[in-house]
1. I need to check one value: relative contact order of the stretch B:88-165, counting alpha carbon pairs closer than 8 Å and at least 6 residues apart, in percent.
2. Give me the dipole magnitude in Debye, nearest 20, for the stretch A:86-165 about the Cα centre, with unit charges on the beta carbon: positive for Lys and Arg, negative for Asp and Glu.
3. Where the only charges are on Cβ atoms (+1 Lys, Arg; -1 Asp, Glu), what is the dipole of the stretch B:1-160 about its Cα centre, to the nearest 20 debye?
4. Using unit Cβ charges (K, R positive; D, E negative) and no other charged atoms, how large, in debye to the nearest 20, is the dipole of the stretch A:117-156 about its Cα centre?
5. Would you report the distance distribution of C-alpha pairs in the protein assembly as shown as whole percents per 10 angstrom bin, up to the bin with the largest distance?
6. In whole angstrom, how far apart do the alpha carbon centroids of the stretch B:56-119 and the stretch A:113-131 sit?
7. For the stretch B:161-174, take each phi angle, set θ = phi - 60°, evaluate the Karplus expression 6.51 cos²θ - 1.76 cosθ + 1.60, and give the result in whole Hz per residue in order, putting x for glycine and proline.
8. Note the distances from A:Lys59 to each other copy's matching label point, with points 7 Å along the Cα-to-beta-carbon direction, in nm, sorted shortest first.
2 protein chains.
Amino acid sequence: MKQSDHTFMQTDLKLPQNCFLRQAASSDHAGIIAVLTDWWDGRDLTWMIPRLFLIHFHKTSYIVEKNGSLIAFLIGFLSPSKSDEGYIHFCGVHPEYRGMGIGAFLYETFFTLCRQHNRLFVRACTSPVNRGSIKFHLKIGFDILPGDSDMEGIAITNDYNKPGDPKVLFRKNI
Amino acid sequence: MKQSDHTFMQTDLKLPQNCFLRQAASSDHAGIIAVLTDWWDGRDLTWMIPRLFLIHFHKTSYIVEKNGSLIAFLIGFLSPSKSDEGYIHFCGVHPEYRGMGIGAFLYETFFTLCRQHNRLFVRACTSPVNRGSIKFHLKIGFDILPGDSDMEGIAITNDYNKPGDPKVLFRKNI
């Protein structure tokens, strides 16, 4: 991506009025866990965000708030073992604030951080059942990586985290 | 800890015959997941080791093998947000190879790595039900941090990763 494109994306994306971005803190963990199941339509994914992610990766994670209430979050880190990669572990937006570009804003904020640390691409993954997430990643320019099979035309990697756990793997050059 | 103590510990600990230490690789994930439930006495903790831990932290994680078979592993990382800390996420030893100092050897190997990166202490945590783990951490010099209540005389922190999830928190100066 050319620098001009990057600059364009940065200035083009804005948060809704009275929504503010800040770096995450360790203490944000409880607030995220408290909303997670509601935001994911009843799916309990709390096991995916043990407190260590906020304690140790909060400097590369972000919170969007409005009047002190959690509106969105992104948990990411600069891969220590893969020096050209950033990884987005989790991102969520309050259901009433979707479709306003907040997720894209958070991703772009993380991409900027990654570029500042000489990362060339960002990876993420999601479950095949999460069609909204797949659509979102494709929309903001991620590619779906080849998998070992496909589900309704989408490449998936089976047994990703454990047996019976298919994932869609995303990668984007930044 | 004085340098002399550190040197002493390094030379004092040895792996059993024909057991070899190596840095972990991303590809070790499946092998770890395959043994985890057996090694943990039927407790299914596979959700605690998503593949990202091996992909992104394999350079600070270790494997012990004997004739190509997995004997033990340690998954750790240098905290990116807390520049004086190392964190041990998970460590397991094959049940038939316990009591031989392999866990202590892995921890000491990680401590050495942490010292090389100017880390002053290492943290870990465990569930209060895992008495073997609590005993192990105390034996190799970890302190149990104050919690918000206690369970049979051991300080625990309630709701650590989510509601109803108590943890014992350990810290060791290295």
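1. Numbers: 42 pairs, mean separation 13.0, N = 78.
Relative contact order, the stretch B:88-165: 17 percent.
2. Values: 8 positive and 8 negative charges, 68 e Å.
Computed charge dipole of the stretch A:86-165: roughly 320 debye.
3. Working: 15 positive and 16 negative charges, 102 e Å.
Dipole magnitude for the stretch B:1-160 comes out near 480 debye.
4. Working: 5 positive and 4 negative charges, 59 e Å.
Charge dipole of the stretch A:117-156: 280 debye, to the nearest 20.
5. P(r) for the protein assembly as shown, in whole percents per bin: 5, 23, 33, 25, 12, 3, 0.
6. If you average the Cα positions of each part, the centres end up 27 Å apart.
7. For the stretch B:161-174, the Karplus-derived couplings read 8, 6, x, x, 10, x, 9, 9, 9, 10, 8, 9, 6, 10 Hz, x marking Gly and Pro.
8. Result, one decimal in nm: 1.6.
The values are calculated or read from the model by the stated rules, or taken from the named source; none is laboratory data. Only a predicted model underlies this, so the values are computations on that prediction, with no experimental measurement involved. Positions of Cβ are generated from backbone atoms using ideal geometry, with glycine treated the same way; all protein chains shown enter the neighbour counts. Note: accessible area is taken over every heavy atom of the protein model, side chains too, but ligands, DNA and RNA are not part of it. Shrake-Rupley method; radii C 1.70, N 1.55, O 1.52, S 1.80 Å.
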